[in-house]
Amino acid sequence: MKTLTTADGAIITLDDEKITEFRGTLRGDLIMNDHSAYESARRVWNGNIDRRPALIARCAGVADVQRAVNLARDSLAPTLDSRRWPQRTGLRH
(Lines give C-alpha, C1' and ligand atoms only; values in the text may rest on other atoms or scores of the structure.)
Protein backbone atom coordinates (compact mmCIF):
# COMPACT_ATOMS: atom_id res chain seq x y z
CA MET A 1 0.00 0.00 0.00
CA LYS A 2 1.16 3.50 -0.82
CA THR A 3 -0.37 6.37 1.13
CA LEU A 4 -0.74 9.54 -0.92
CA THR A 5 -1.81 13.06 -0.12
CA THR A 6 -3.79 15.01 -2.71
CA ALA A 7 -2.94 18.62 -3.52
CA ASP A 8 -5.70 19.77 -1.16
CA GLY A 9 -4.59 17.54 1.71
CA ALA A 10 -6.93 14.53 1.41
CA ILE A 11 -5.29 11.18 2.21
CA ILE A 12 -5.83 8.25 -0.18
CA THR A 13 -4.18 4.86 -0.57
CA LEU A 14 -3.20 2.90 -3.65
CA ASP A 15 -2.34 -0.75 -3.29
CA ASP A 16 0.88 -2.02 -4.82
CA GLU A 17 -1.05 -4.30 -7.17
CA LYS A 18 -2.89 -1.33 -8.70
CA ILE A 19 0.39 0.56 -9.19
CA THR A 20 2.07 -2.50 -10.73
CA GLU A 21 -0.91 -3.04 -13.05
CA PHE A 22 -0.84 0.62 -14.09
CA ARG A 23 2.92 0.46 -14.75
CA GLY A 24 2.40 -2.66 -16.88
CA THR A 25 -0.17 -0.98 -19.12
CA LEU A 26 1.89 2.16 -19.82
CA ARG A 27 4.04 2.40 -22.94
CA GLY A 28 5.83 5.32 -21.30
CA ASP A 29 7.54 5.44 -17.91
CA LEU A 30 6.04 5.53 -14.44
CA ILE A 31 8.35 7.45 -12.13
CA MET A 32 8.04 7.26 -8.36
CA ASN A 33 10.02 9.08 -5.67
CA ASP A 34 12.64 6.29 -5.51
CA HIS A 35 13.39 6.45 -9.26
CA SER A 36 16.74 7.97 -10.34
CA ALA A 37 14.95 10.38 -12.73
CA TYR A 38 12.45 11.60 -10.11
CA GLU A 39 14.11 14.92 -9.26
CA SER A 40 14.43 16.03 -12.87
CA ALA A 41 10.95 14.73 -13.79
CA ARG A 42 9.15 16.59 -11.00
CA ARG A 43 10.61 20.00 -11.80
CA VAL A 44 8.60 22.49 -13.81
CA TRP A 45 9.75 25.64 -15.61
CA ASN A 46 8.46 27.87 -12.78
CA GLY A 47 10.98 27.56 -9.95
CA ASN A 48 8.43 28.91 -7.45
CA ILE A 49 6.46 25.66 -7.74
CA ASP A 50 7.99 22.78 -5.80
CA ARG A 51 5.57 19.84 -5.97
CA ARG A 52 6.56 16.29 -5.10
CA PRO A 53 4.08 14.00 -6.83
CA ALA A 54 3.99 10.37 -5.73
CA LEU A 55 3.52 9.15 -9.30
CA ILE A 56 4.68 10.77 -12.53
CA ALA A 57 3.43 9.17 -15.74
CA ARG A 58 5.55 10.01 -18.77
CA CYS A 59 2.90 9.20 -21.31
CA ALA A 60 3.93 7.83 -24.70
CA GLY A 61 0.59 8.38 -26.37
CA VAL A 62 -3.10 9.08 -25.99
CA ALA A 63 -3.80 5.66 -24.45
CA ASP A 64 -1.26 6.37 -21.68
CA VAL A 65 -2.91 9.72 -20.94
CA GLN A 66 -6.30 8.02 -20.72
CA ARG A 67 -4.97 5.36 -18.34
CA ALA A 68 -3.31 7.99 -16.13
CA VAL A 69 -6.48 10.10 -15.95
CA ASN A 70 -8.57 7.00 -15.24
CA LEU A 71 -6.24 5.95 -12.40
CA ALA A 72 -6.41 9.43 -10.87
CA ARG A 73 -10.19 9.61 -11.26
CA ASP A 74 -10.78 6.14 -9.85
CA SER A 75 -8.39 6.71 -6.94
CA LEU A 76 -9.95 10.04 -6.03
CA ALA A 77 -13.57 8.92 -6.44
CA PRO A 78 -14.26 8.64 -2.70
CA THR A 79 -13.16 12.25 -2.14
CA LEU A 80 -14.11 13.75 -5.48
CA ASP A 81 -15.95 17.06 -5.55
CA SER A 82 -16.52 17.87 -9.24
CA ARG A 83 -16.39 21.62 -8.57
CA ARG A 84 -12.81 21.22 -7.34
CA TRP A 85 -11.59 18.54 -9.78
CA PRO A 86 -8.71 20.62 -11.22
CA GLN A 87 -7.25 21.17 -7.74
CA ARG A 88 -7.67 17.55 -6.68
CA THR A 89 -5.72 15.83 -9.46
CA GLY A 90 -2.26 16.47 -8.01
CA LEU A 91 -1.06 13.53 -5.91
CA ARG A 92 1.97 13.90 -3.69
CA HIS A 93 3.60 11.64 -1.11
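The values are calculated or read from the model by the stated rules, or taken from the named source; none is laboratory data. A quick note: this is a predicted structure, and the numbers were derived from the prediction, not measured. Every residue, glycine as well, gets a Cβ built from its backbone with ideal geometry; the counts of neighbours run over all protein chains shown.
Observations
- Residue in the range 14-23 that is in contact (Cβ under 8 Å) with a residue 40 or more places away in the chain and in a strand (DSSP E or B) present: yes
- Condition met for Ala41 (outside any loop (DSSP other than H, G, I, E, B), farther than 17 Å from Asn70 by Cβ and touching a residue at least 12 places away in the same chain (Cβ under 8 Å)): yes
- Under the condition of being over 15 Å from Lys2 (Cβ atoms) and not small (Gly, Ala, Ser), the residues counted in the range 16-65 number 19.
- For the range 44-69, a tally of residues being assigned to a helix (DSSP H, G or I) and of a type in the set (A, V, I, L, M, F, W, C) returns 5.
- Just one of (1) surrounded by 14 or more Cβ atoms within 10 Å (Cβ to Cβ); (2) within 12 Å of the chain's Cα centre (by Cα) fails for Arg51. It is (1).
- Residue selected from the range 21-48 under the condition surrounded by 11 or more Cβ atoms within 10 Å (Cβ to Cβ) and β-branched (Val, Ile, Thr), by the criterion modelled with the highest pLDDT: Thr25
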